[in-house]
Amino acid sequence: MLKSMTGFGSAEQKVNDKTFLVEIKSLNGKQFELQMRLPALLRPYEFEIRNMLQEQLVRGSIDCIITIKQNGAAKPVVINTELIKAYYQQINELAGQLDIDTNSVLSALLRLPEVVTPATDVLSKDEFEEFAKVLRTAIGHINQHRSEEGAVLEKDLYKRIDNINAQEEAIVSLEPNRIKRIREEIQQLLTSYVGMENYDSNRLEQELIYYMEKIDIHEEQVRLKQHCDYFRSLLANGDESKGKKLSFILQEIGREINTTGSKAYDADIQRCVVIMKDELEKAKEQVLNVL
């Protein structure tokens, strides 16, 4: 069963006075590439969160957004009293010089930089365990989406390989006539330009055998069929991450198709090669999305 690298998953859960929201989006990528936005409460657990995502998602360009909402209670803050005293002392001295009343200065002091700051609390271990459940749920949802996308990819890849195999079988059936036609054309050319009585038929036979060996495509067709069979077997096995292997096999299939085309010297076989190349390119595009 194939898995796509493309998917989306989310999960939301209320735990005590907090609501955890996790959203994960995945696109195709050569390696595991993670962009993550964390609230301050989860900073100490960033390494653990990254490990969980990498172990479960394996590969792709991942965008993970985590939000924590405080329910009911106001967000905790810290008032820096020492800083307020320092501000007030300077303001009081200046007010004395300018003869200004300082009775209502407190509200202004509270708005000055660094006087009131958010509390630096972090999640407790128990709260993080609850959050981890929400994260696993979101990962499960994105993996389900990836599996659904992978089923579509798998069906299409089977179709592309079947189409390549069909053209390979057509080439095998065309091969005997190709050899016969090339042989007859060479003999006709020699008869036209040299004359039948002016060349050694035994020597011609030797040269024809040498030439036919050079343009023989039987080995390429055997290897092409083997590569296609291996591609199918890899599609069918249970490994989740096999996009790179499938890509390597398609490269080998491409080599055999190209060599067949360069040796063909036959219009019908060249048409088969063109169709195979088209199917191969479509397969390569799909494999780019396979996990």
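What follows draws every value from the coordinates through simple rules; no lab data is involved. Bear in mind the structure is a predicted one, so any value in this text is a computation, not a measurement. All Cβ positions, glycine included, derive from the backbone under ideal geometry; neighbour counts span all protein chains shown.
Which FRET efficiency value, to the nearest 0.05, do you get for Asp126 and Glu148 by plugging their Cβ-Cβ distance into 1/(1 + (r/R0)^6) with R0 = 35 Å?
The pair Asp126/Glu148 has a calculated efficiency of 0.50.
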(request) Among Ile161, Ile253, Ile100, determine the one that fluctuates most according to a GNM of the chain built with springs between C-alpha atoms less than 10 Å apart. (result) Ile100
(request) Using a Gaussian network model of the chain whose springs link C-alpha atoms within less than 10 Å, name the residue from Ser192, Ser147, Ser173 with the highest mean-square fluctuation. (result) Ser192
(request) Compute the distance in nm between two label points, each set 7 Å from the Cα along the Cα-to-Cβ direction, one at Arg50 and one at Glu12. (result) 2.9
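Mind sorting Met276, Met5, Met52 by how few other Cβ atoms lie within 10 Å of their own Cβ, fewest first?
Taking fewest neighbouring Cβ atoms as first place, the list is Met52, Met5, Met276.
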(request) Just tell me which lysines come within less than 21 Å, Cα to Cα, of Lys225; anything on the same chain fewer than 8 places away is out. (result) Lys155, Lys159, Lys214, Lys242, Lys244, Lys245, Lys263, Lys277, Lys282, Lys284
(request) Please give the calculated 222 nm ellipticity per residue for the chain, where each DSSP H segment of at least 4 residues contributes -39500 (n - 2.57) and the sum is spread over every residue; nearest 500 deg cm²/dmol? (result) -21500 deg cm²/dmol
(message) Taking the beta-carbon count within 10 Å as an exposure proxy, list Ser61, Ser26 from fewest neighbours to most.
(response) Ser61, Ser26
(message) Order these by the 10 Å Cβ neighbour count, fewest first: Arg111, Arg146.
(response) Arg111, Arg146
(message) If the elastic network links every pair of Cα atoms under 10 Å, which of Ala267, Ala132, Ala108 fluctuates the most in the Gaussian network model of the chain?
(response) Ala108
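Provide the net charge surrounding Lys242, with neighbours chosen by a C-beta distance below 13 Å and charges set as Lys +1, Arg +1, Asp -1, Glu -1.
Result for the neighbourhood of Lys242: +2.
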(request) Please give, to one decimal in nm, the separation of the simple spin-label points placed at Leu21 and Val105, each 7 Å out from Cα toward the Cβ. (result) 4.3
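Could you give the length gained on full extension between Lys30 and Glu93, defined as 0.36 nm per residue of separation minus the Cα-Cα distance, in nm?
16.3 nm
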(request) Just grab the label-to-label distance for Lys159 and Lys180, each label 7 Å out from Cα along the Cβ direction, in nm (one decimal). (result) 3.7
(request) Determine by what factor the alpha-carbon radius of gyration of the range 1-70 differs from 2.2 N^0.38 Å, reporting the quotient. (result) 1.18
(request) Give a residue-ordered list of calculated ³J(HN,Hα) values for the range 19-35 (Karplus: 6.51 cos²θ - 1.76 cosθ + 1.60, θ = phi - 60°; whole Hz; x for Gly, Pro). (result) 10, 9, 10, 10, 10, 10, 10, 10, 10, 6, x, 6, 10, 8, 10, 10, 10
(request) Could you work out the mean projected area of the convex hull around the alpha carbons of the chain, in square nanometres to one decimal? (result) 27.4
(request) Sum up the charges of everything whose Cβ sits under 11 Å from the Cβ of Gly60, counting Lys and Arg as +1 and Asp and Glu as -1, but leave Gly60 out. (result) +3
(request) Just report the Cα centroid separation between the range 122-178 and the range 221-241, whole Å. (result) 15
